[in-house]
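Chemist: This is the structure I have questions about; it appears just below.
The numbers here are math on the coordinates, done by the rules we state, and not lab data. Worth saying up front: this structure is predicted, and the values here are computed from it rather than measured. All Cβ positions, glycine included, derive from the backbone under ideal geometry; neighbour counts span all protein chains shown.
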Amino acid sequence: MNDADPRATRADDAHGPVRVHEPVLLPECLNAMDLRAGMTLVDGTVGAGGHAAAFARALGPDGLVVGLDRDAEILPFAERALTVARTEGGARFVLRNLPYSDVEHALSDLGIASCDRAFVDLGVSSLQLDSPLRGFSFMRDGPLDMRMDASRASRDAAAWLRGVSTVELERVLGDYGEERFAGRIARAIVEARGRRPITRTLELVDVVMRAIPPSARHGRVHAATRTFQAIRIAVNDELGELERGLPELWRSLAPGGRLAAIAFHSLEDRVLKRFFKAHAEVSVKKPIVAAGDECARNPRARSAKLRWGSKRVA
Ligand SMILES: C[S@@+](CC[C@H](N)C(=O)[O-])C[C@H]1O[C@@H](n2cnc3c(N)ncnc32)[C@H](O)[C@@H]1O
């Protein structure tokens with residue numbers, strides 16, 4: 001969602017007005033999920049609950065939404081959206097601060113044997129991007145953190161950058177960021193951290209800007225976008241989570257159940273494609289992408305790819 005977009009919805013929380021994350025490919029997701037009244041659905045990346053609230057409405061009052069997110073700070077937003085949906089005749093809901101790779105554990109704790117539908121919308125939420133303290137944004141100064149899990153048990157981006165080798169950093173920037181200046185940026189980061197640790201978002205932006213040729217500094221996409229994306233994916237082990245989480249989500253599905261997933265990166269999409277090919281009875285051959293008007297309204301939608309697959313009926 002774009003600040004200048006007059007259609008941007010806003011909500012107030014204790015800290016004043018905040019942008020609300022706009023769910024991508026929402027009509028396409030509703031279509032792919034093929035929801036019926038009373039079903040149990042797991043949203044493994046519930047975020048601010050935009051998709052989950054729409055699913056809850058489609059499931060009706062006898063349905064159940066189990067929402068998971070590894071970021072505890074985002075769950076109150078999901079709770080708010082799902083409470084509104086519930087008061088309007090939507091499904092019951094339960095939220096848990098867990099990664100989706102723990103879905104089997106989450107369901108067994110709740111006494112739920114299996115679910116009818118599962119969904120993940122990968123990547124980062126606008127709410128996370130907008131908070132300078134989370135360190136995801138190259139637009140705002142803040143600590144170089146980028147951890148999605150609220151427990152803060154893992155290494156933050158600053159610590160990760162202190163320890164990573166030049167070779168590994170170049171690989172991460174190239175593979176996860178598809179950054180054509182990966183080598184130059186990796187060497188510049190290692191040189192800069194030799195003088196003093198890089199601990200702030202805008203310090204990293206400065207290193208990236210100096211590393212790339214002047215002609216590449218002011219393109220349509222901010223020059224630090226790919227570096228920040230790559231480091232975020234590495235710090236949160238997002239591809240590892242996907243490799244571990246997909247089989248867990250699949251095992252949680254009842255026979256005939258359906259899993260849908262939105263990827264924002266070609267490597268994620270490749271993992272999904274391969275997974276559905278190996279396991280699904282029916283799946284989409286080509287990913288579903290956003291229409292031009294959604295891409296114009298919501299830049300995040302431009303790289304979104306939706307795939308779904310259904311499990312054999314017993
Ligand atoms: C793109 S947002 C989801 C937005 C949501 N569909 C909505 O409409 O508000 C992705 C969310 O997934 C969460 N997330 C990312 N990786 C996760 C994981 N492995 N397990 C659980 N949550 C995860 C992030 O913290 C973030 O809140």
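Chemist: Take every Cα pair under 8 Å in the chain that's 6+ residues apart, average their separations, divide by the length, and report that relative contact order as a whole percent. Intermediate values should be presented prior to the final figure.
Modeler: Working: 589 pairs, mean separation 58.0, N = 314.
The normalised contact order for the chain reaches 18 percent.
Chemist: To continue, here is another question. Can you give me the Kirkwood hydrodynamic radius for segment 264-314, using every pair of distinct Cα atoms, in Å to one decimal?
Modeler: Mean inverse Cα-Cα distance, inverted, gives 12.0 Å.
Chemist: Do any trypsin sites (Lys or Arg not before Pro) in segment 124-182 lie in a loop, going by DSSP, with at most 10 other beta-carbon atoms within 10 Å of their beta carbon, and if so which?
Modeler: ARG152
Chemist: Tell me, HIS51, HIS222, HIS21, HIS105 in order of fewest to most beta-carbon neighbours within 10 Å?
Modeler: Ascending Cβ contact count within 10 Å gives the list HIS105, HIS222, HIS21, HIS51.
Chemist: A further question follows. Got a sec? Charge dipole of the chain, +1 on Cβ for Lys and Arg, -1 for Asp and Glu; which of VAL282, LEU169, VAL120 is way out at the positive end?
Modeler: LEU169
Chemist: In debye to the nearest 20, how big a dipole does the chain give about its Cα centre with +1 on each Lys and Arg Cβ and -1 on each Asp and Glu Cβ?
Modeler: Working: 46 positive and 42 negative charges, 179 e Å.
For this selection, approximately 860 debye.
Chemist: Let me ask you something else. Before anything else, pin down the relative contact order of segment 155-235: Cα pairs under 8 Å, at least 6 apart, normalised by residue count, whole percent.
Modeler: Relative contact order for segment 155-235 comes out at 42 percent.
Chemist: Let me ask something else. In a shell of Cβ-Cβ distance under 14 Å around ARG210, excluding ARG210 itself, what net charge do Lys and Arg (+1) and Asp and Glu (-1) give? Write down the numbers at each step before the final one.
Modeler: On the way: positive: ARG184, ARG187, ARG193, ARG195, ARG217; negative: GLU191, GLU203, ASP206.
Once positives and negatives cancel, what remains is +2.
Chemist: Quick one: check the C-alpha center-to-center distance for segment 241-271 versus segment 185-209, whole angstrom.
Modeler: Each part reduced to its Cα centre gives a spacing of 35 Å.
Chemist: Using only the Cα atoms of segment 39-184, what are the Rg and Dmax in Å?
Modeler: Gyration radius and largest Cα-Cα distance of segment 39-184: 17.9, 56 Å.
Chemist: Something else: Could you calculate, for segment 155-235, the ratio of the Cα radius of gyration to the Kirkwood radius, expressed as Rg to Rh?
Modeler: 0.92
Chemist: I need to check one value: relative contact order of segment 121-166, counting alpha carbon pairs closer than 8 Å and at least 6 residues apart, in percent.
Modeler: Dividing the mean separation by the residue count of segment 121-166 yields 20 percent.
Chemist: Taking the Cα atoms only, what angle lies between the long axis of helix 50-59 and the longest principal axis of the chain, rounded to 10 degrees?
Modeler: Tilt relative to the chain: about 10 degrees.
Chemist: So how strong a dipole does segment 31-119 carry about its Cα centre when Lys and Arg Cβ are +1 and Asp and Glu Cβ are -1, to the nearest 20 debye?
Modeler: 260
Chemist: Trypsin sites (Lys or Arg not before Pro), restricted to segment 253-314: which are DSSP loop and have at most 14 other Cβ atoms within 10 Å?
Modeler: LYS285, ARG312
Chemist: Taking amide hydrogens as modeled 1.01 Å from N in the peptide plane, which residues meet the under 5 Å criterion relative to ILE198, leaving out close sequence neighbours?
Modeler: Close amide H contacts, sequence-distant or interchain: none at all.
Chemist: Taking a quarter of the surface of the Cα convex hull of the chain, what do you get in nm²?
Modeler: Mean orientational projected area (the chain, Cα hull): 16.4 nm².
Chemist: Projected onto the charge dipole of the chain (+1 at Lys/Arg Cβ, -1 at Asp/Glu Cβ, origin at the Cα centre), which of ASN236, GLY63, TYR100 gives the Cα projection farthest towards the positive end?
Modeler: The residue sitting most towards the positive pole is ASN236.
Chemist: Using label points projected 7 Å from each Cα along Cα→Cβ, tell me how many nm separate ALA113 and GLU178, to one decimal.
Modeler: 4.4
Chemist: Using amide H atoms built in the peptide plane, which far-off residues or other-chain residues are under 5 Å from PHE93 H to H?
Modeler: Amide H neighbours of PHE93, under 5 Å, 5+ apart: VAL65.
Chemist: Apply the Karplus curve 6.51 cos²θ - 1.76 cosθ + 1.60, θ = phi - 60°, to the phi angles in segment 113-118 and return the couplings in whole Hz, x for Gly and Pro.
Modeler: Computed from phi, the couplings for segment 113-118 are 6, 7, 10, 8, 9, 9 Hz.
Chemist: Suppose only helical runs count, i.e. DSSP H with n ≥ 4. What mean residue ellipticity at 222 nm does that imply for the chain under -39500 (n - 2.57) per run, divided by all residues and rounded to the nearest 500 deg cm²/dmol?
Modeler: Calculated from helices alone, the mean residue ellipticity at 222 nm is -12500 deg cm²/dmol.
Chemist: Considering only the chain, what is the antiparallel percent among its DSSP beta bridges, to the nearest 5?
Modeler: Approximately 45 percent, going by the DSSP bridge assignments.
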